[in-house]
Each structure stands twice: as C-alpha cells, then as structure tokens.
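First the structure, in the form of structure tokens, and then the observations on it.
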Amino acid sequence: MYFKIPRMICWLAVLAPLIPLLSFAQEPVDYVDPFIGTTNYGATHPGAQYPHALASVSPFNVAFKQGEGNVHEKDLAWNSRVYIHENTYLTGYSHVNLSGVGCPELGTILTMPTAGELTFDPEQYGTTYHNQESRPGYFSHELEKHQVKVELSSTLRAGISRYTFREGGQSNIILNLGLALTNETGGMVRLVSDREVEGFRTIGTFCYHPEDVRPVYFVARLSKVPKSFGAWKKMPAYKAVEADWVGYNDTYKPYPGYQQELAGDDVGAYFSFDTEPNEVIEIKVGVSYVSIENARANLDTEIPDFDLDRVAKQSSIKWNELLGRVQVEGAERDKTLFYTALYHTLIHPNILQDVNGDYPKMGTHQVGNALGNRYTVFSLWDTNRNVHPLLSLIYPELQSEMVASMVEIYKEGGWLPKWELLGMETGVMVGDPAAPVIADTYRRGIRDFDVETAYQGMKKSADTRLDNPIRPENSEYWEHGYVPVDQEDKWGGSVSTSLEYYIADWNLAMLAKDLGYDEDHERYLEQSLGYKELFDPETGMLRPKRASGAWYSPFDPELGKNFEPAVGYVEGSAWNYRFYVPHDMKGLIQLNGGGKEFVDQLEQTFDLEHFDMANEPDITYPFLFNYVKGEEWRTQKRVKELITTHYNETAAGIPGNDDTGALSTWLLYAMMGFYPVCPGEMDYALSTPIFDQVTVTLNPDYYAGEKLVIVKEETGDGADFISQVKWNGAVNPGYFISHEELVKGGRLEFVVSEEPAK
C-alpha cells in the first residue's frame with residue numbers, strides 16, 4: 001500500500017487536466033453561437049429560440065441608440081431585426097420575432113424589468129447592459145441602470161423570463177405593446193388579475209406591401225403578486241400638458257388597478273413590487289395567432305410552472321437532437337461556423353398552429369385546424385435555391401410537412417405561396433418559387449404529400465395569363481417568351497423575373513415528366529429555354545429587352561452593383577444574373593462561346609468584384625467551373641476563398657442578410673464539399689470539404705442508406721485541391737454526384753493534394 005498510493009496520486013495529477021474534457025465532451029449544440037449574424041445586416045437575433053417555433057424571446061435594442069453623453073437618440077434606421085450587436089441601448093424583450101429577413105416585421109409584445117421610480121417611457125427606462133451570454137434556447141445579460149440579471153428561454157409557443165433584482169427595493173415589470181418592428185400599430189391590454197394580463201398586438205404590411213393584417217394574441221403571467229398593478233397609455237402631448245400625473249412622464253397616463261380593455265397605439269401594463277436584494281421574479285408569455293384563449297392554452301400546456309431551467313434544458317435537448325443529425329470532425333472554429341449555420345436553417349419556416357391545432361387560414365380571417373404541423377414564413381425566393389434541398393437531405397420528415405403546408409395554402413387561398421407570412425401572402429420578390437421547391441422535394445424521394453394537387457397548383461401559377469398574383473407579368477411572358485422591359489415601372493426586374501420563371505417552368509417540366517404528363521413536359525421545357533432570347537452576344541449579358549425585340553438602352557451592366565435600382569434586375573446587376581441559368585448550363589456555356597470563354601468570363605466576375613456573396617442570385621457561381629472539364633480546380637479555390645473571406649465566428653460572421661437561412665445554407669454545403677446548383681436537378685457539384693469527416697445520419701423512413709460519410713484525405717500540408725473522388729471505393733468519374741447515390745448511404749472520399757488535378 002505504501003507504494004501504490006503515491007503512484008495513484010501521480011496518475012490523478014496527470015489526468016486531472018483531462019477530466020473536464022472527459023466528463024463534458026462537447027455536443028453539437030455547444031458549438032452554436034447565436035451572436036453570429038447579429039450585425040453586418042445578417043438580421044439574426046441572439047434570443048432564446050426553440051426549433052421552428054412560433055414564439056421566441058429576444059433582446060430588443062433597435063428603438064433608440066446611445067448618443068454622446070447620456071442622450072439617447074431615436075434610431076431612425078430601417079431595421080429588419082430586433083437586435084443589432086453594436087447597439088447598446090435596450091428597451092425590452094420581444095416574444096415574436098423573425099430571423100434573417102430583409103424587411104421589418106413582428107418584434108413585439110415586449111416585457112421589461114426596471115428598478116426604482118416607475119416610468120412608461122422606453123427612452124427613460126431603457127438601459128445599457130453587459131455580460132451577455134447566448135446559446136440555443138437560453139439568453140442572459142445584466143442591465144446596468146436597473147441592476148437586474150435577465151435570463152430568457154422559450155418553447156414552441158411561449159417564452160419565460162427570469163429577472164433577478166440585485167439591489168431590491170421598488171422593482172417593476174412593464175409590458176409595452178407600442179414598441180415593435182412591424183409597420184402596423186395598435187393593440188389592446190386587459191388585466192385579468194394582479195398576476196395576469198392578456199391582449200393582442202396588430203402586425204402586418206410586411207415590406208410595405210398591402211397584404212392583410214393580423215393580431216398576435218398573448219397571455220402573460222407573473223410568479224409573484226405585486227404591491228400595485230395597472231394599465232397605461234401614451235397620451236397626445238397636448239392633452240398630457242393639461243394633466244398633472246405626479247411621478248410619471250407627462251405624456252404617459254397610468255390606470256392603476258384598471259381591469260377593462262384598454263386599446264391604442266401605445267398601451268401596456270405594469271406590475272410593481274417590493275423586493276429583497278437578489279429576489280427573483282419570473283414572467284411567462286404564451287402567444288397565438290388565433291385567440292387569447294388559445295394563447296392561454298399554449299402557455300398552460302408548454303410552461304405550466306415557473307421553471308426556466310427546465311424549459312432551457314428541454315430546448316437544448318431538442319436542438320442537440322436536430323443538430324446531431326450531422327457530426328463533423330475538424331477545427332473547433334469550423335465546428336462553430338457549421339453548427340451555428342445549421343442552427344439558423346432550423347428557425348424558419350416555423351409552425352403556426354396552436355396546441356389544439358388551430359391556425360389562421362391562408363388569406364382569410366377563418367380558423368383552420370391542423371392534424372400535424374402547419375408551417376409559415378415561406379421566404380421562397382431565397383430558400384428554394386438551397387435551404388429546402390438541404391432539409392430534404394437531412395430532415396426529410398420536416399421538408400415533407402412544409403410542402404404539405406404549401407399544398408394546404410393552395411387549397412385555402414387558391415395559390416401556392418410566394419412569400420407567405422402568418423397566413424398572409426406578402427407578394428414580396430419576383431418569380432414563382434414554390435414550383436422549384438415542390439418539384440425538388442418530390443424528385444429527392446419525398447413523396448408522402450399530395451403531389452397531384454401540388455402539380456395543379458404549379459400549373460395554375462404557370463398558365464394563368466391574367467389576374468395572376470404569383471406571376472403578374474405572365475401574359476406578356478408567354479406571348480414573347482420573356483418579360484418585356486416596357487412596363488418596368490409597374491413590375492420591376494424584367495430580366496430577373498424572366499430567369500426565375502424559366503427555372504420554375506423547367507421544374508414544372510421535370511415534375512410533369514416524373515408524373516407521366518409528357519405533353520406538359522415538352523411545353524414547359526421549351527418555355528424554360530426562352531432565356532436565349534435575352535442573351536446579348538455583344539455584351540455577353542442577359543439584357544432587358546422590349547416587346548418589339550429591341551434591346552433596352554442605355555445599358556450599364558454594372559448598375560445595381562451597390563444595391564441601387566437597376567432596370568431589368570432585382571437586388572443586383574447584370575453581372576449578378578449573367579450566369580443565372582442553372583437548369584441549362586450546357587446551353588449557356590455554348591452561348592458564351594464555349595468552355596474557355598465561359599471560364600474567362602466567370603473568372604472576371606470574381607476578379608472585377610462583380611460577385612456578391614451577400615445575396616442569392618449568383619451564389620452558385622463558384623460551383624459553375626465544374627461544368628468545364630479541367631477547370632474544376634477553380635471551384636475548389638473560389639469556394640475556400642469565399643468561406644475564409646465572408647464567414648467567421650464574430651457578430652459580422654454572415655456576409656449579409658441571412659434570408660431565413662439561405663446564406664447559412666450556402667456555408668453548410670460548401671463546408672461539406674457539395675452543392676445543389678439548381679433546385680430540381682439531382683446532381684450536386686463537388687468541391688473540397690473543410691472537415692476531415694462529415695457523417696450525416698439519414699432518415700430510414702425516406703432513404704435506403706443509414707449514413708452518408710464524407711471523408712477528406714490530405715496528401716500534404718495545405719492540400720486544397722481534389723486529386724480524386726471515390727464513392728464507396730470506386731473512382732467517381734467527375735466532379736458531380738447524384739442525390740440518389742448519396743441517400744443510398746456510403747462513403748464519399750476526397751483525396752486532396754497541394755496542386756490542382758490535371
């Protein structure tokens with residue numbers, strides 16, 4: 001024993017530094033950093049978020065910005081996000097939020113803890129903060145003015161906040177329905193009791209489009225009985241001057257103990273307490289787009305008690321379950337980028353139905369009832385390109401539910417969605433993006449949805465010549481084979497719109513072929529090749545054209561490079577759309593003079609800084625070199641450059657608006673080593689993976705394979721170029737591989753070296 005004890009002590013001393021690593025091995029959820037994308041117009045938020053949830057709780061810091069001294073100036077910027085990382089002045093915590101969108105909406109039902117004298121003016125009770133922490137399902141920081149520690153978590157339809165009042169004394173919790181991102185105004189509050197408040201807030205007019213408006217209903221409940229409570233309303237200044245409300249800002253009127261409905265543009269509720277130092281008070285909020293009764297049922301079902309830790313743990317478990325479908329091996333930094341990107345793709349589309357299945361039906365004020373999940377927030381112009389193909393591969397059961405929701409939207413509203421939000425068609429952006437999503441989903445092997453009804457909906461959008469809300473230019477498009485520029489002031493983006501229609505028609509042709517509709521296949525396929533009418537041999541661009549057949553002039557291919565308006569193009573220039581014909585790359589290469597000329601022009605796009613990583617129309621470009629034999633190394637080079645240049649683990653780590661996960665999805669594919677160049681096309685373009693190994697667990701209900709394993713074998717230091725690709729041990733004949741092969745399961749092996757393959 002004399003000799004054994006010292007030896008044991010020695011071994012413990014050696015192992016001690018490793019014990020934390022052995023005991024707390026990091027899970028995928030531990031690599032997610034929700035602060036990534038909260039600046040540089042990424043428009044993500046760092047708040048407590050459950051996967052595909054109707055509710056979330058996020059810090060709201062965009063109402064005011066801190067000026068010099070202690071002056072807080074109104075932030076007049078057009079914000080499409082509730083939180084901007086460099087802003088420092090917080091005015092509450094919103095309970096319905098969007099992630100990565102380009103227009104302001106939601107960001108409402110704000111709660112706010114304060115200490116000391118009660119005021120209802122957010123400019124006065126707002127505060128700076130420090131010690132921020134965010135992880136999936138949990139957020140916390142400390143409020144400097146009020147000395148309050150704030151902790152947030154959420155479920156699918158409810159949020160919970162825990163406020164620790166450090167100093168004690170008079171403490172307050174304020175509910176504010178005035179502040180919001182939405183362009184709509186108006187709300188109602190009613191104090192049900194001294195611990196519960198209910199009401200609604202109006203939302204809508206997304207991107208200033210005149211779609212319908214909706215109320216979002218809520219019920220909020222506190223963990224402690226207050227010493228006083230009531231409602232409040234902001235009064236017109238001229239009326240407030242006549243009154244003498246001692247202790248309150250003279251434009252805000254309190255209604256102590258008031259328990260009737262109180263409505264207005266700026267209304268809210270308050271609860272005041274006598275607290276001990278470090279006393280904790282919690283508030284939980286349930287939301288619904290159907291009724292107050294449903295909001296209460298959502299709250300009672302999902303957060304029946306005041307246990308934020310339990311809620312946060314459940315959220316973390318769910319996130320880890322979803323994120324864990326993909327296991328990656330490589331650098332810690334790369335894992336952070338990857339799992340944060342995957343996190344961002346699993347926020348939208350999100351559910352719309354309440355716990356009892358109720359949801360607002362599409363385009364009406366009626367209530368439907370869903371047997372399963374009913375999804376909303378279909379930003380399809382962005383997500384048809386890569387988000388939905390990714391979901392089809394990794395989460396086919398979710399993608400199936402989303403497409404089923406799209407079909408139900410068609411049954412209820414008469415049209416497939418374009419940019420649907422909470423049962424309202426916003427009409428934002430151009431094209432017919434539902435067609436690529438549906439065709440791509442079906443062709444990837446997900447077929448447990450009503451494809452015949454979906455096909456009829458696709459045909460309706462494609463064939464209706466007049467009064468078509470999805471394709472308002474459709475009559476002219478079918479007459480000329482392209483959208484003429486003549487009525488640009490009415491429609492906007494004639495070239496962009498035409499190119500989107502061609503992709504939709506090609507997908508409709510492919511689905512028609514799969515379903516046995518041969519005549520439809522031929523008609524839509526022919527229409528999809530109309531892009532050749534817009535090809536200008538003199539400039540090499542896809543150029544705006546008049547109904548007469550004359551080119552639009554004067555023509556500046558660089559106009560739109562800095563997001564300024566450009567005739568013929570939406571959110572980009574002629575360069576950004578020059579190669580946007582993913583369904584017929586061989587034909588486009590021929591128009592450009594063949595492979596060498598095509599590669600030269602494609603390289604110019606990057607060298608002359610015409611490529612825009614921050615927007616969707618050209619994000620396939622780095623993968624297009626794969627279409628020219630011997631030039632595939634350029635894809636491998638460009639993809640790595642773009643990852644290194646535009647993505648990082650800071651708040652500015654997404655190159656621009658995430659567009660409900662589209663830019664994050666580009667990164668995911670690029671890091672795994674393959675990319676879907678065109679929705680509906682089943683071949684992936686290959687590039688050098690970032691990780692040593694990626695393991696995707698396939699869903700056996702949809703795919704024959706158990707796992708897809710992607711391996712990178714380096715033959716030297718700094719090896720970036722593919723020398724050989726093997727699929728299940730056999731040499732892959734080129735730099736593409738089919739979806740059908742990958743979902744059979746197996747090993748995709750990249751042998752990489754320091755020099756490009758010859």
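The values are calculated or read from the model by the stated rules, or taken from the named source; none is laboratory data. Since the model is a prediction, treat every value here as computed from it, not as a measurement. Neighbour counts are summed over all protein chains in view; Cβ atoms, including those assigned to glycine, are modelled from backbone coordinates with ideal geometry. Just the protein is used for accessible areas: all its heavy atoms, side chains included, with ligands, DNA and RNA removed. Shrake-Rupley method; radii C 1.70, N 1.55, O 1.52, S 1.80 Å.
Ranking Thr645, Trp727, Gly661 by Cα position along the charge dipole of the range 622-752, where only Lys, Arg, Asp and Glu carry charges on their C-beta atoms, puts Trp727 farthest toward the positive end. Trp506 contributes about 20 Å² of solvent-accessible surface, heavy atoms of the protein only, 1.4 Å probe.
Contact order for the chain, expressed relative to its length and based on alpha carbon pairs under 8 Å spaced 6+ residues apart, stands at 11 percent. Here the simple spin-label model places points 7 Å from the Cα toward Cβ, and for Lys596 and Trp551 these points are separated by 2.4 nm.
Given R0 = 35 Å, the distance between the Cβ atoms of His365 and Glu479 translates into a calculated FRET efficiency of 0.40. Distance between the modelled labels on Thr644 and Gln456, one decimal in nanometres: 5.5 nm (7 Å Cα→Cβ projection).
Ligands, DNA and RNA are left out, and with a 1.4 angstrom probe the accessible area of the chain is 37 Å² per residue. Taking R0 as 25 Å, what FRET efficiency do you get between Asp121 and Ser291 from their Cβ-Cβ distance, rounded to the nearest 0.05? So the FRET efficiency works out to roughly 0.20. Counted by Cβ distance under 9 Å from Pro277, the other residues give a net charge of -2, where Lys and Arg count +1 and Asp and Glu count -1. In the set (1) 0.98; (2) 1.08; (3) 1.00, the label that goes with Rg/Rh (Cα atoms, Kirkwood Rh) computed for this structure is (3). Quick check: at a probe of 1.4 Å, how many percent of the accessible area of the chain sits on carbon and sulfur atoms? Accessible surface attributable to carbon and sulfur in the chain totals 50 percent.
Near Gly431: Cβ cut-off under 9 Å, other residues only, Lys/Arg at +1 and Asp/Glu at -1. The net charge is 0. Quick one: net charge around Gln601, please, counting Lys, Arg +1 and Asp, Glu -1 for every other residue with C-beta under 12 Å from its C-beta. Taking every Cβ under 12 Å from that of Gln601, the sum is -2. Could you compute the FRET efficiency for Lys707 and Glu412, with r as their C-beta to C-beta distance and R0 at 22 Å, rounded to 0.05? Once the sixth-power term is evaluated, E becomes 0.05. Counting only alpha carbon atoms, the long axis of helix 632-646 and the longest principal axis of the chain meet at about 20°.
Per-residue ellipticity at 222 nm, computed for the chain from helices alone with -39500 (n - 2.57) per DSSP H run of at least four residues, works out to -8500 deg cm²/dmol. Taking the longest Cα principal axis of the chain as reference, the axis of helix 292-302 is set at about 80 degrees. Counting 0.36 nm for each residue step from Arg447 to Ile317 and taking away their Cα separation leaves a gain of 43.9 nm.
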